[in-house]
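Chemist: Take this structure first; my questions come after.
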Amino acid sequence: MSKIKNNTIQFNDISFSYNLYNTILENLSFSVGEGEIVGLLGPNGSGKTTIFKLILALLKPQAGSILIQGQDNRLMATFERAKKVAYAPQDFTNSFPTTVFESVLMGRRPYIGWGPSETDIQRTAEILESLDLSDLAERQVNRMSGGQKQKVILARALVQDTPFVLLDEPTGNLDLRRQVEVLNLMRNISQNKRIGILIALHDINMASYYTDKVVLLSDNNYLYGNTKEIINKDTLEKIYGVDMNSYMVVSESKETIWFPKIN
Amino acid sequence: MGGFFFARWLFMAINTYNNFVILQKKKLFTIFILFLFAIVSILIALGSDEEGLSFIPKFSSDMDNKIFLLLRLPRIAMAVLVGAGLAMSGTLAQAILRNPLASPFTLGISSGASFGAAISVFINVMSVWWTIVWAFVFAMATSAIIFGLARIKNSRPETLILGGVAVMFLFGAGTSLLQFLATEFQIQSIVFWGFGNLGRAGWTEVAIAAVCIIPPLPFALRLSWDLNALVLGEETAQALGVNYHALRLKCIALISLMSAAAICFTGLIGFIGLVSPHIARMFLGSEHRYLMPGAILFGVILVSLSDTLSRTIWSPQVVPIGILTSFLGVPFFLWILLRNKKEYWN
């Protein structure tokens, strides 16, 4: 990727509310840099999906601006924006069945005119093989397991060849092994291809292990900074409203495991 | 070791690539076969008369020539236009409403047209042309309501479907009211209009219908990739750079024009708009570049075969085609529905 000055997604003092009485985000500022994994954490309804929709310009903030590589995201042409930011939603919501190959190829939409070019088909085939989906290429997506569907969604986001990827709870439907697989894959991609990743997660431990920075969201308030500094007993208890226990893993990695106190 | 893995990776990727390209060629071939079928059904429709099925029309007398040129040819031309227009409208409606039940009928457009036609009969307009105009105007008025609903930015596809069904009931009630108030003769005309009839078509009608139905087809085909993206979800499509709201309005405009033109000249020919896209989807998948031509061809095949049947099954009586499309289409549709274990919608 060529060197681009200011290669970030930047939130500048974003405020957003769906109605007058209920502010979701207030003066939110953070950035996702090149090769960085930024986690979005917070209780349900704290605005994680709203943040994605704001970046995709599906919603309009009441105040503030979002800059993608220095350009205001609302002023970009739709296909230009789609070449910068890819979005992987939580679920598959197909209206009609499509095959795995078709579903992933659709990620090339910003590059396709009348029909897919050789490059489009080639990129799709490559990504499918990289995610171990080649054997399933002609299968119908709606007949696959939750984990496989999740991989298809990821593949579609990756085939878009964007400098930034937004992941809305990519591990939501997955068992433990698949969660680790997906998150390892995302980490490799961010490191090797210098892709900036904004990822919404529910699992605090996964977040503290895989992300470089986090945005912790709660009612009208947020914390942003390096994961190791932000995730601690005080902040977690404040944000989620439960008492927390922490355990140090006795091994060379010395990871901290977080667990809510159960009465 | 790294070299081996890379070679394997490359081999698999090339394999997937080739499989996809082959599959696309197979789909093109399927469309070609369908095209041949369509030609055959048009030829049967042209050749058959009250004496039976045939591929070759009779030209034994001057009368035969006149019947062929002034009655049968425009009738079959209209059948082809109506089949293509309704099938394409149905495909577009199912794509933008993201719903397998959507069709020009569920959008209320046909009920609007019926109501318009009923009014024209009720107020005793002097020529058939006024009935056509009234039907067209009311079909477009219905579309305007749906268009207005779609203009509201946050309206969900479900809103449009429910709105369409509500409008359908409204115009249905209006038509019933007119029937209640009308004379016996008028009731007969209104009911007969609803059966669908290709016999009303002359060359002028065909020309006007062609102007309304043919130009929208390439427009719709150009929207293929936007519609493909929309299959994946509204937000996904928007994230891929598709302007969903503009797309929706464009499609509703195209649907309105094509189905209003088809319905106002021929009355209600049911089922074609709903079923053609489904049959095409079973053979060709959900990719609109193949689905759309496939649906058009199935529409043409269904309407021209139904028309042939309508003229020959009980000759010299002509059974209204609107009745036959369902009698012919439903068993066929149910048969492939049950034969294929796969699901064709989510």
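Chemist: Hey, can you tell me all the residues within the stretch A:109-139 that are at the interface with chain B (Cβ under 9 Å from one of its Cβ atoms), over 14 Å from B:ILE14 (Cα atoms) and assigned to a helix (DSSP H, G or I)?
Modeler: Selection gives A:ARG109, A:PRO110.
Chemist: Further question on the same structure: Checking A:PHE101 against (1) closer than 24 Å to B:MET292 by Cβ; (2) in contact with a helix residue (DSSP H, G or I) (Cβ under 6 Å, 6 or more places away or on another chain); (3) more than 9 Å from chain B (Cβ to nearest Cβ), which test does it fail?
Modeler: (3)
Chemist: Could we say that A:GLN148 is in a helix (DSSP H, G or I), under 17 Å from the mean Cα position of the chain (by Cα) and away from chain B (no Cβ under 14 Å) here?
Modeler: Against the criterion (in a helix (DSSP H, G or I), under 17 Å from the mean Cα position of the chain (by Cα) and away from chain B (no Cβ under 14 Å)), A:GLN148 does not qualify.
Chemist: On the basis of being in contact with a helix residue (DSSP H, G or I) (Cβ under 7 Å, 6 or more places away or on another chain) and not in a helix (DSSP H, G or I), does B:ILE269 make the cut? First the steps, then the outcome.
Modeler: On the way: in contact with a helix residue (DSSP H, G or I) (Cβ under 7 Å, 6 or more places away or on another chain): yes; not in a helix (DSSP H, G or I): yes.
Here the answer is yes, as B:ILE269 does meet what is asked.
Chemist: Let me ask you something else. Taking into account only those residues within the stretch B:1-53 that are of a type in the set (D, E, K, R) and within 14 Å of chain A (Cβ to nearest Cβ), which is farthest from B:LEU70 (Cα to Cα)? Break it down stepwise before answering.
Modeler: Going residue by residue through the stretch B:1-53, those that are of a type in the set (D, E, K, R) are B:8, B:25-27, B:49-51.
Keeping just the survivors that are within 14 Å of chain A (Cβ to nearest Cβ) gives B:8, B:25-27.
Details: B:ARG8: 66, B:LYS25: 40, B:LYS26: 40, B:LYS27: 37 Å.
Across the stretch B:1-53, the extreme among qualifying residues is B:ARG8.
Chemist: Evaluate the following for B:GLU158: is it at pLDDT below 90, in contact with a Leu (Cβ under 9 Å, 6 or more places away or on another chain) and surrounded by fewer than 14 Cβ atoms within 10 Å (Cβ to Cβ)?
Modeler: On the way: at pLDDT below 90: yes; in contact with a Leu (Cβ under 9 Å, 6 or more places away or on another chain): yes; surrounded by fewer than 14 Cβ atoms within 10 Å (Cβ to Cβ): yes.
Judged against the criteria, B:GLU158 is a match.
Chemist: May I pose another question? Kindly establish whether B:ILE96 is at pLDDT 90 or above, in contact with a Lys or Arg (Cβ under 6 Å, 6 or more places away or on another chain) and not polar (S, T, N, Q). Steps first, answer last, please.
Modeler: Numbers: at pLDDT 90 or above: yes; in contact with a Lys or Arg (Cβ under 6 Å, 6 or more places away or on another chain): yes; not polar (S, T, N, Q): yes.
Considered against the rule, which asks whether it is at pLDDT 90 or above, in contact with a Lys or Arg (Cβ under 6 Å, 6 or more places away or on another chain) and not polar (S, T, N, Q), B:ILE96 comes out as yes.
Chemist: If you check A:ILE9, A:ILE51, A:ILE24, A:ILE55, which single one turns out to be among the aliphatic types (A, V, I, L, M), surrounded by 18 or more Cβ atoms within 10 Å (Cβ to Cβ) and more than 22 Å from A:MET186 (Cβ to Cβ)?
Modeler: Details: A:ILE9 fails: more than 22 Å from A:MET186 (Cβ to Cβ); A:ILE51 fails: more than 22 Å from A:MET186 (Cβ to Cβ); A:ILE55 fails: more than 22 Å from A:MET186 (Cβ to Cβ).
Going through A:ILE9, A:ILE51, A:ILE24, A:ILE55 in turn, the sole match is A:ILE24.
Chemist: Report whether or not B:PHE37 is modelled with pLDDT of 90 or more, surrounded by fewer than 16 Cβ atoms within 10 Å (Cβ to Cβ) and more than 21 Å from the chain's Cα centre (by Cα). Give the derivation first.
Modeler: Numbers: modelled with pLDDT of 90 or more: yes; surrounded by fewer than 16 Cβ atoms within 10 Å (Cβ to Cβ): yes; more than 21 Å from the chain's Cα centre (by Cα): no.
For B:PHE37, the condition - modelled with pLDDT of 90 or more, surrounded by fewer than 16 Cβ atoms within 10 Å (Cβ to Cβ) and more than 21 Å from the chain's Cα centre (by Cα) - is not met.
Chemist: Have a look at B:ALA280, B:ALA260 and point out the one that is within 22 Å of B:VAL211 (Cα to Cα), assigned to a helix (DSSP H, G or I), touching a residue at least 60 places away in the same chain (Cβ under 8 Å) and of a type in the set (Gly, Ala, Ser).
Modeler: Working: B:ALA280 fails: within 22 Å of B:VAL211 (Cα to Cα).
Of the residues listed, the single one that is within 22 Å of B:VAL211 (Cα to Cα), assigned to a helix (DSSP H, G or I), touching a residue at least 60 places away in the same chain (Cβ under 8 Å) and of a type in the set (Gly, Ala, Ser) is B:ALA260.
Chemist: Of all residues being facing chain B (nearest Cβ under 8 Å) and in contact with a Pro (Cβ under 9 Å, 6 or more places away or on another chain) in the stretch A:84-98, which is nearest to A:ILE127 (Cα to Cα)? Just the residue, please.
Modeler: Ranking the qualifying residues of the stretch A:84-98, first place goes to A:VAL85.
Chemist: Among residues belonging to the stretch A:48-75 that are more than 10 Å from every other protein chain (Cβ to nearest Cβ), assigned to a loop (DSSP other than H, G, I, E, B) and of a type in the set (A, V, I, L, M), point out the one that is farthest from A:ALA137 (Cα to Cα). Give the steps one after another, and end with the answer.
Modeler: Let us first name the residues in the stretch A:48-75 that are more than 10 Å from every other protein chain (Cβ to nearest Cβ), namely A:48, A:50-51, A:54, A:59-75.
Subset that is assigned to a loop (DSSP other than H, G, I, E, B): A:59-62, A:69-70, A:73-75.
Retained after the next criterion (residues that are of a type in the set (A, V, I, L, M)): A:59, A:75.
On the way: A:LEU59: 34, A:LEU75: 37 Å.
Going through the qualifying residues, I end up with A:LEU75.
Chemist: While we're here: Could you say which residue among B:ILE96, B:ILE123, B:ILE145, B:ILE109 is more than 17 Å from B:SER189 (Cβ to Cβ) and surrounded by fewer than 24 Cβ atoms within 10 Å (Cβ to Cβ)? Talk me through it step by step, then tell me what you get.
Modeler: Values: B:ILE96 fails: surrounded by fewer than 24 Cβ atoms within 10 Å (Cβ to Cβ); B:ILE123 fails: more than 17 Å from B:SER189 (Cβ to Cβ); B:ILE109 fails: surrounded by fewer than 24 Cβ atoms within 10 Å (Cβ to Cβ).
Testing whether each residue is more than 17 Å from B:SER189 (Cβ to Cβ) and surrounded by fewer than 24 Cβ atoms within 10 Å (Cβ to Cβ) leaves just B:ILE145.
Chemist: Please go through the stretch B:280-338 and give me each residue that is within 14 Å of another protein chain (Cβ to nearest Cβ) and in contact with a Pro (Cβ under 9 Å, 6 or more places away or on another chain), ordered by number.
Modeler: Once the filter is applied, which keeps residues that are within 14 Å of another protein chain (Cβ to nearest Cβ) and in contact with a Pro (Cβ under 9 Å, 6 or more places away or on another chain), the stretch B:280-338 yields B:ALA280, B:ARG281, B:LEU284, B:GLY285, B:SER286, B:LEU291, B:MET292, B:GLY294, B:ALA295.
Chemist: A follow-up question, please. Of B:ILE76, B:ILE39, B:ILE56, B:ILE96, which residue is assigned to a helix (DSSP H, G or I) and free of Cβ contacts under 8 Å to residues at least 12 places away in the same chain?
Modeler: Values: B:ILE76 fails: free of Cβ contacts under 8 Å to residues at least 12 places away in the same chain; B:ILE56 fails: assigned to a helix (DSSP H, G or I); B:ILE96 fails: free of Cβ contacts under 8 Å to residues at least 12 places away in the same chain.
Exactly one residue qualifies, and that residue is B:ILE39.
Chemist: Which one of A:SER31, A:SER17, A:SER65 is in contact with a Phe, Trp or Tyr (Cβ under 9 Å, 6 or more places away or on another chain), surrounded by 15 or more Cβ atoms within 10 Å (Cβ to Cβ), on the phi < 0 side of the Ramachandran plot and not acidic (Asp, Glu)?
Modeler: Details: A:SER17 fails: in contact with a Phe, Trp or Tyr (Cβ under 9 Å, 6 or more places away or on another chain); A:SER65 fails: surrounded by 15 or more Cβ atoms within 10 Å (Cβ to Cβ).
Unique residue meeting the criteria: A:SER31.
Chemist: Might you let me know whether the stretch B:81-91 holds any residue that is in contact (Cβ under 8 Å) with a residue 12 or more places away in the chain, under 21 Å from the mean Cα position of the chain (by Cα) and within 14 Å of chain A (Cβ to nearest Cβ)? Working first, answer last.
Modeler: Residues of the stretch B:81-91 that are in contact (Cβ under 8 Å) with a residue 12 or more places away in the chain, as a first pass: B:81-91.
With the extra rule that they be under 21 Å from the mean Cα position of the chain (by Cα), the set shrinks to B:81-91.
Add one more test, that the residue is within 14 Å of chain A (Cβ to nearest Cβ), and what stays is B:90-91.
Yes, some residue in the stretch B:81-91 is in contact (Cβ under 8 Å) with a residue 12 or more places away in the chain, under 21 Å from the mean Cα position of the chain (by Cα) and within 14 Å of chain A (Cβ to nearest Cβ).
The values are calculated or read from the model by the stated rules, or taken from the named source; none is laboratory data. Computed from a predicted structure; not experimentally measured. Because the Cβ atoms are built from the backbone with ideal geometry, glycine has one as well, and the counts that use them run over all protein chains shown.
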